[in-house]
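Okay, so here's the structure we're looking at.
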């Protein structure tokens, strides 16, 4: 299995990339490399924070009748209020910084992301 990784530096760009990805999948459903299995979002990002980005990503997947990928929140915040907001936004996992590499690797393995 081969994987690919895309990187953007803000929430709006992440949503735009996901929408472009979904359009490409719609046009070429046989090309599996257009599928995201995991999205890592920082809680605090320019233009749109992590929870708002996750909400918009989930809405985009709904528009295409597709199940959203596993979304992981990476953050320096540790308070429950941030974790709750992240989970309510559609994020599946909440990892406080410093990032536990073993936990992240476990999540990546479970989501079939190549390391």
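The values are calculated or read from the model by the stated rules, or taken from the named source; none is laboratory data. Because the structure is a prediction, the values reported are computed rather than measured. Cβ atoms come from the backbone with ideal geometry, glycine included; neighbour counts cover every protein chain shown.
A few remarks follow.
- Filtered residue count, the stretch 60-87, keeping only those that are touching a helix residue (DSSP H, G or I) at 6+ places or on another chain (Cβ under 8 Å) and part of a helix (DSSP H, G or I): 5
- Among the residues of the stretch 68-87, those identified as within 13 Å of the chain's Cα centre (by Cα) and surrounded by 16 or more Cβ atoms within 10 Å (Cβ to Cβ) are 68, 69, 70, 71, 72, 73, 74, 86.
- When 14, 52 are checked against the criterion of being at pLDDT 95 or above and surrounded by fewer than 18 Cβ atoms within 10 Å (Cβ to Cβ), 52 stands alone in meeting it.
- Residue in the stretch 56-67 that is buried (at least 19 other Cβ atoms within 10 Å of the Cβ) and more than 21 Å from residue 113 (Cβ to Cβ) present: yes
- Residues located in the stretch 89-115, provided they are over 20 Å from residue 46 (Cα atoms), modelled with pLDDT of 90 or more and touching a helix residue (DSSP H, G or I) at 6+ places or on another chain (Cβ under 8 Å): 93
- Residue that is surrounded by the fewest Cβ atoms within 10 Å (Cβ to Cβ), among those in the stretch 88-107 that are assigned to a helix (DSSP H, G or I) and touching a strand residue (DSSP E or B) at 6+ places or on another chain (Cβ under 7 Å): 103
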